[in-house]
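*Asks:* Questions regarding the structure given below will be posed in turn.
The values are calculated or read from the model by the stated rules, or taken from the named source; none is laboratory data. Since this is a predicted model, take the numbers as computed values, not measurements. In this analysis, Cβ positions are derived from the backbone assuming ideal geometry, glycine residues included, and neighbour counts consider all displayed protein chains. These area figures cover heavy atoms from the full protein model, side chains too; ligands, DNA and RNA do not enter into them. Shrake-Rupley method; radii C 1.70, N 1.55, O 1.52, S 1.80 Å.
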Amino acid sequence: METIQIDNGQIETYILDKYATLADRSVMQRVGGSVLLCSICIDYENPSNEDFLPLSVQYIEKMYAIGKIPQGFIKKEGKPSDNEILISRLIDRSLRPLFPKGYPYPVQITILVMSYDGKTDICKNAMNLASICLYLSSIPIIPTQILNGVRIVQHDGVLSICETLDNLANSSLDLFVSGVGDAITMIEMQAQKTTRQIDSILHEESNEIPQEKLLDAIRLARIHIANTSECYTKYFQAFTLPKHNYKCDTGLHPLLKNTLQTQYGDSIKQCLISMSKTERQTQINMLIAQIADEQNLEYGLAGRHVHAIKKDIMRAMILKEGKRADGRTPTQIRAIDIESNLLPHTHGSACFTRGQTQALVTCTLGSQNDAQLQESILTQRKHKIFFHYNFPPFSVGEAYPIGASSRRELGHGNLALKAIESNVADTPYTIRLVSEILQSNGSSSMASVCGATLAMLGAGITMHNMVAGIAMGLIYEHADHFVVLSDIMGLEDFDGDMDFKIAGNEKGFSALQLDIKINGISEQVLQRSLQQASEGICHILSLMRAVTITPNYALLPQKESFAVPHGRIAEIIGQGGRVIRDIIARFQVHIELDKEESIVSITANNKDSLQNAKAYILELLRKKERKELPYKSGEVYEGVVRKQIDVGFLVDLPQGGNGLLRAIHVTHGLTIGQCIYVKAITCSHGRVELELANIPQQQEI
C-alpha cells in the first residue's frame with residue numbers, strides 16, 4: 001500500500017498486488033470515499049497485424065458505488081452510458097501516444113468505479129489510475145515518468161485547480177489537460193454559460209475564453225502535471241514489472257523502400273497531389289498494383305511501402321515547400337458553400353460544405369417533456385439541448401450497412417454540443433440537433449458546429465454569438481522546425497502529428513479537443529495553433545454571416561405560458577389525468593403544469609392549436625368556478641328540501657344555491673318539497689353546511 005500526498009494537498013492511497021492479481025497489473029485507488037480498481041491485460045500470444053495500436057479502454061460505473069439499484073426491469077448495469085464512453089475515450093486518447101511505435105499486442109485497460117463519495121473528480125482519478133497501472137505493467141511505454149491529468153476552472157476571472165466537483169459549479173471554464181512531465185498529450189475544454197446579476201436582472205454570459213487566458217490556464221495545468229508526474233514516479237518506479245521485449249516490425253524494408261522511391265517517387269507524388277480524395281485513392285491503388293506486378297511483389301507488401309513513401313513526400317512538401325497535397329498554403333481554408341433551410345418540413349436545417357466535407361444539420365424544437373434525462377453516479381440532470389452526430393459508411397465511400405452509433409460518433413457529437421451550448425440563449429424549447437455527415441475528408445465535427453449554428457438560427461433560436469469550428473494539424477520535425485496546418489483534410493490527419501479541433505468566435509474559444517501522435521507538444525506549437533485557428537474561425541464566420549437565413553415561423557412550434565388561479569391546476573388534470581389527456585389528444589399539444597406557481601405552459605405545432613387549447617382550458621375553469629354564496633354562519637334561512645343523498649339532504653336556499661343538511665342533524669322525517677328553516681353552520685369555498693333551525697313551524701309547500 002502506498003499513500004501519496006499531491007502538491008494540492010490531496011491524499012491518495014494505492015494498493016498493489018492484492019486485488020485482480022491474474023491481470024498483468026492491477027491497482028486499487030482510494031481518494032476520499034471514492035474507490036477505483038484498474039487492471040491491464042495484454043494478449044502476448046496473438047499480436048495484431050493491423051497498422052494501428054490495438055488498445056481498448058473501458059471505464060465502468062457501478063451503481064452500487066453510490067448505494068443505488070439500477071433502474072429498469074433487469075436491475076443490472078447494461079450497455080455503457082454516454083458518460084462512461086466519453087471518459088473511456090478521454091483516457092484512451094491520453095494514453096495512446098505513450099505506446100512505442102508499432103506495438104502489436106492487444107491491450108485491455110479496465111477501470112471499475114466501486115465506491116463514489118460524490119465529491120472527487122472521478123474523471124481525473126480514473127485517468128491517473130490508468131496511467132499508473134500502465135507505468136507499472138510489463139508494457140515498455142516511452143516516457144520515463146507517469147502521465148496524469150488535471151482540471152482547471154475559472155471563477156470571476158481567476159484560474160484555479162479543480163479540487164472537487166463542487167468547484168465546477170458556476171465556473172466559466174472547464175479545462176481538462178493530461179500530460180507527462182512538461183509535455184501536453186491531450187486537451188478538452190468547454191466554456192460554460194454563467195449568469196450574473198446586474199441591476200436586479202440576471203444576465204446570461206457565454207464566456208468564450210480569449211487566447212491569452214487559455215494559454216495561462218494551460219500553463220497552470222502544465223506546472224501541476226509536471227509536479228504530479230515527478231511525485232508519482234518517485235513513489236512507483238520501484239514497483240514496475242520487467243518490460244516485455246518485442247520486435248517492432250513495421251513491415252518495411254529500407255532497401256526496397258529506397259528502390260521504390262527512386263523509381264516511382266515522382267508517380268507517387270502525382271497521385272498525392274490529385275485534387276479529389278477519391279481520385280487520389282484510386283490512382284494510388286492502381287499504382288500499387290502496377291508496382292507489385294513490375295517488381296514481382298505481393299500487393300500488401302507493395303502497398304505498405306508506397307503508403308510510407310507517400311507519407312514522407314507529403315510531409316516533405318509541407319516542411320520544405322510550404323505546399324500541401326491539394327495545393328493550399330498551411331493557413332489556407334478550403335472553399336466553403338452554405339445552404340440554409342433547404343429541407344422544407346424541418347424546423348431548421350443547413351448544409352455546410354467545406355472542401356470534400358459536407359454536414360447536413362437539422363434543428364428540431366420540442367417541449368420541456370422532450371428533455372433528455374441522463375443518470376450516472378456523478379449526477380442526474382435533464383438536457384434541454386442534445387446533439388446527435390451520424391457518420392454513415394457512404395460518407396467515405398465504403399460499402400457496408402449503417403449500424404449502431406460508434407464511440408467516435410458519440411464523442412464528435414458531444415464535442416459539437418460543447419462548442420455551441422454556452423451560446424444558446426435561454427429558450428422554452430428542447431432542442432435536438434442532428435448532423436448527417438454526407439461526405440467526409442477531414443474536420444466533419446467542426447463542419448457540424450458550423451451547420452448547427454446555422455440550423456438553429458434557421459429555426460428562430462436566439463444565440464448570444466455565432467460559433468464556427470476548424471481542425472488544425474501539425475507536421476513536426478523538431479522543436480524549431482514544424483508547420484501548423486489550418487483546416488486539415490483526412491490525409492493530413494492520418495499522416496500528420498496532431499488533430500486539434502477548435503471552436504469559437506471573435507470573442508474567444510468555446511470548445512477544444514486536442515489529440516496528438518507525438519510524445520507531447522510545446523507551448524510554442526499551442527500558441528501558433530490557436531492564433532491560426534482564430535484567424536480561420538473569423539474567416540468562416542464572415543461567410544456564415546453573409547448567408548440569408550429566414551426562419552419559417554408558420555412551421556415552428558408555438559409556446560405560451562399563462563397563470564390560473566391557485567388551487568385550480570387539479571381541475572385541469574382531472575380525475576386520474578383524464579381531463580388533461582383529453583385536451584392533449586383533442587388539440588395535439590404538449591401541456592406542462594407548475595402546481596407551485598399555478599402556471600400552465602402549452603406547446604403546439606401551430607398557433608391555432610395553441611389558442612384553441614388555451615381557450616378550452618380557460619372556459620373549463622370558468623364553468624367550474626365556485627361562486628361565493630351570500631350566506632353567513634349562524635344565520636337562519638327558509639329553504640326547500642330538494643334531494644336526498646347518502647349523507648343527508650340538499651336544501652335550496654332563498655338567494656340561490658343550496659346547502660347540505662347532514663342526516664345527523666335531522667331529528668324527524670323530511671319529504672322532498674318540504675319548506676324548512678335551517679341555520680348555516682359553515683360557509684366557505686362556495687359550500688354551505690346546514691342544521692335544522694329551532695323554529696316550531698315546519699310546513700309543506
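*Asks:* How large is the helix-only mean residue ellipticity at 222 nm for the chain, computed as the sum of -39500 (n - 2.57) over DSSP H runs with n ≥ 4, divided by its residue count, in deg cm²/dmol to the nearest 500? Before the final figure, lay out each step's value.
*Replies:* Working: 13 runs with 201 residues, N = 701.
Computed mean residue ellipticity for the chain: -9500 deg cm²/dmol.
*Asks:* Moving to a separate point now. Take the Cα of N694, step 7 Å along the line toward its Cβ, and report every residue of the stretch 652-669 whose backbone nitrogen sits under 16 Å from that point.
*Replies:* The answer is 665-667.
*Asks:* OK, next. Quick one: how many lysine pairs in the stretch 1-141 have C-alpha atoms under 14 angstrom apart, if they're 8 or more apart or on different chains?
*Replies:* On the way: K62/K75; K62/K76; K62/K79; K68/K76.
Lysine pairs meeting both conditions in the stretch 1-141 amount to 4.
*Asks:* Per 0.36 nm of contour for each residue apart, how much would the distance between E638 and Y616 grow if the chain were fully extended, relative to their Cα-Cα spacing? Don't jump to the answer; show the numbers that get you there.
*Replies:* On the way: separation 22, 0.36 × 22 = 7.92 nm, distance 3.85 nm.
Working it through step by step, the gained length comes to 4.1 nm.
*Asks:* Roughly speaking, what is the stretch gain from Q197 to E535, that is 0.36 nm per residue apart minus the C-alpha to C-alpha distance, in nm to one decimal?
*Replies:* Numbers: separation 338, 0.36 × 338 = 121.68 nm, distance 3.31 nm.
Between Q197 and E535, full extension yields 118.4 nm more.
*Asks:* Multiply the residue separation of K76 and T259 by 0.36 nm, subtract the distance between their alpha-carbon atoms, and state the gained length in nm to one decimal.
*Replies:* Numbers: separation 183, 0.36 × 183 = 65.88 nm, distance 5.95 nm.
Value of the extension gain: 59.9 nm.
*Asks:* A further question follows. Relative contact order of the stretch 424-525, please, whole-number percent, based on alpha carbon pairs below 8 angstrom and at least 6 residues apart. Walk me through the intermediate numbers first.
*Replies:* Numbers: 150 pairs, mean separation 24.5, N = 102.
This gives 24 percent for the stretch 424-525.
*Asks:* While we're here: How far is helix 277-294 tilted, in degrees, relative to the longest principal axis of the Cα atoms in the chain, given as a value from 0 to 90 rounded to the nearest 10?
*Replies:* Computed tilt is about 30 degrees.
*Asks:* Before anything else, pin down the relative contact order of the stretch 27-149: Cα pairs under 8 Å, at least 6 apart, normalised by residue count, whole percent. Let's see the in-between values first.
*Replies:* On the way: 192 pairs, mean separation 50.1, N = 123.
Answer for the stretch 27-149 is 41 percent.
*Asks:* Provide the FRET efficiency to the nearest 0.05 for the A316-D337 pair, computing r from the beta carbons and using R0 = 30 Å. Write down the numbers at each step before the final one.
*Replies:* Numbers: r = 32 Å, r/R0 = 1.06.
About 0.40, to the nearest 0.05.
*Asks:* Once the Cβ-Cβ distance between K62 and T240 is put in as r, and R0 is 25 Å, what FRET efficiency do you end up with, to the nearest 0.05? Present the calculation step by step, with values, prior to reporting the outcome.
*Replies:* Details: r = 29 Å, r/R0 = 1.15.
Calculated value: 0.30.
*Asks:* Below 8 Å, C-alpha to C-alpha, sequence gap of six or more: please give me the relative contact order for the chain in percent. Provide the component values of the computation, followed by the final result.
*Replies:* On the way: 1413 pairs, mean separation 64.6, N = 701.
The value is 9 percent.
*Asks:* Probe 1.4 Å, all protein chains in place: accessible area of H307 in Å², nearest 10?
*Replies:* Rounded to the nearest 10, the figure is 70 Å².
*Asks:* Lone cysteines in the chain, defined as no other cysteine's Cβ under 4.7 Å from theirs: which are they?
*Replies:* C41, C123, C162, C231, C248, C271, C351, C363, C450, C538, C675, C683
*Asks:* Which FRET efficiency value, to the nearest 0.05, do you get for S598 and K101 by plugging their Cβ-Cβ distance into 1/(1 + (r/R0)^6) with R0 = 56 Å? Write out the running numbers ahead of the final one.
*Replies:* Values: r = 67 Å, r/R0 = 1.19.
The computed FRET efficiency comes out at 0.25.
*Asks:* Another one. Largest first, how would I161, I284 line up by accessible area (1.4 Å probe)? Don't skip to the answer; put the middle values down first.
*Replies:* On the way: I161 40, I284 5 Å².
Order by accessible area, largest first: I161, I284.
*Asks:* Listed highest first by mean packing, meaning other Cβ atoms within 10 Å per residue, what order do 408-416, 658-666 come in?
*Replies:* So the peptides 408-416, 658-666, ranked by packing, come out 408-416, 658-666.
*Asks:* Sorted by average packing, counted as other Cβ atoms within 10 angstrom per residue and highest first, what order do 67-74, 162-169, 592-599 take?
*Replies:* Working: 67-74: 8.9, 162-169: 14.5, 592-599: 12.5.
For the peptides 67-74, 162-169, 592-599, the packing ranking is 162-169, 592-599, 67-74.
*Asks:* Under 15 Å from a point 7 Å along the Cα-to-Cβ line of A570: which residues of the stretch 589-606 have their amide N that close?
*Replies:* Residues passing the 15 Å test: 595-596, 598.
*Asks:* Taking the Cα-to-Cβ direction at R381 and at N369 and moving 7 Å from each Cα, how far apart do the two end points lie in nm?
*Replies:* Each label point lies 7 Å from its Cα, and together they span 2.5 nm.
*Asks:* Something else about it: Heavy-atom accessible area per residue, the chain, 1.4 Å probe: how many Å²? The partial results should precede the final answer.
*Replies:* On the way: 33220 Å² over 701 residues.
Ligands and nucleic acids excluded, the result is 47 Å² per residue.
*Asks:* Another one. If you compute semi-axes √(5λ) of the Cα gyration tensor in Å for the structure shown, which of (i) 66, 32, 23; (ii) 60, 42, 19; (iii) 81, 26, 22 do you land on?
*Replies:* The calculated read-out lines up with (i).
*Asks:* K62's amide H: which non-local residues (gap 5+, or another chain) put their own amide H closer than 5 Å, with H modeled 1.01 Å from N in plane and none for Pro or chain starts?
*Replies:* Under 5 Å from the amide H of K62: V113.
*Asks:* Give me the one-decimal nm value for the distance between modelled label points at S406 and D582, 7 Å along each residue's Cα-to-Cβ direction.
*Replies:* Result for the modelled spin labels: 5.4 nm.
*Asks:* Follow-up question, since we're still on this one. Residues in the stretch 311-326, backbone N under 16 Å from the label point at H481 (7 Å along the Cα-to-beta-carbon vector): list them, ranges by number please.
*Replies:* 312-323
*Asks:* Sorted by mean Cβ packing within 10 Å, highest first, what order do the peptides 446-454, 44-52, 507-515 take? All intermediate terms of the calculation are to be shown ahead of the outcome.
*Replies:* On the way: 446-454: 31.7, 44-52: 10.3, 507-515: 23.6.
Ranking the peptides 446-454, 44-52, 507-515 by packing returns 446-454, 507-515, 44-52.
*Asks:* Follow-up question, since we're still on this one. Which order do R687, R586, R280 take by accessible area at a 1.4 Å probe, largest first?
*Replies:* Working: R687 170, R586 130, R280 15 Å².
So the residues, ranked largest to smallest area, are R687, R586, R280.
*Asks:* Going by alpha carbons, how many degrees (0 to 90, nearest 10) lie between the helix axis of 523-545 and the longest principal axis of the chain?
*Replies:* 50 degrees
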